[in-house]
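S.K.: Input: one structure, supplied below.
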Amino acid sequence: MEHKKTFLQKLSGKGYYIAIGLCALAVGISGYLFCRDLAKEQQSLTLTPKVGLSALPAQTPTAQAPVIEMPDAPAVPAGKEEKPVLPDAAPETTAPETTEPAPAPTEAPKAAARQTVWPLQGEVIQTFAMDHLAYNETTRDWRTHAGLDLMAQAGTQVVCAMDGVVESVYHDDFFGQTVTVSHEDGWVTHYAGLDAETSVSAGDPVSAGQVLGLVGTTALLEAAEPPHLHFAVYHNNVAQDPEAFLGE
């Protein structure tokens, strides 16, 4: 008993140092394990390549529109590609070719220089003016003038300018006593400002140079002018230049 007590006493006296040794051993073991794990982790980081942003997979949408499969179009041989035709497009049409030449535009027949004569010999006091305005001494304004005024003394004979037929004899409110003669090819001549007594009647055939009447003073629209003949020419109801008709 005494021997055991001594051993325990001895052991108890050295217990403090034993405890310190065990603690140091535990700390050493723990440190070793920690350092070993740390070294393994660093080794794994060194061996693993770094992943950049470019290596990351592209982000894909969570939902995609459904894909509709269309039937395959028939193959077209090379060099024979067809153009798409719109449903509403009308087919192109071309004018049919013709070998006949287009007819040349017709011109008004020229009645001058062959069978025409001046209705009287007198001074021109007012010319033809349908493409511009001419001053009217009677109305004191500017207006068109569809005829040719030939000054002559009252009573001067007025003759027909070309062969034809008397179309009418009447009194015009503006141009006074008037005789109209129709000619071939749509020509009509007017002789206005005549004396009230005429030498012809409607329907009479007349020839170039035949007397129709006398110069008078019956044209109220041109009363401010001296006695004269108002001579007008129409082709298909369109006023023409009397000087061109007479061949100037």
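The values are calculated or read from the model by the stated rules, or taken from the named source; none is laboratory data. This one's a predicted model, so the numbers in the text were calculated from it and none came from an experiment. Neighbour counts are summed over all protein chains in view; Cβ atoms, including those assigned to glycine, are modelled from backbone coordinates with ideal geometry. SASA here: full protein model, heavy atoms, side chains in, ligands and nucleic acids out. Shrake-Rupley method; radii C 1.70, N 1.55, O 1.52, S 1.80 Å.
S.K.: Mind ranking 228-238, 163-173, 185-195 by how tightly packed they are, going by the mean number of other C-beta atoms within 10 angstrom, highest first?
M.R.: 185-195, 228-238, 163-173
S.K.: Also, quick follow-up: Quote to one decimal, in nm, the extra length available between residue 174 and residue 135 on full extension: 0.36 nm per residue of separation minus the C-alpha distance between them.
M.R.: 12.4 nm
S.K.: Before I look further, what does the range 176-236 give for accessible area per residue, probe 1.4 Å, in whole square angstrom?
M.R.: 37 Å²
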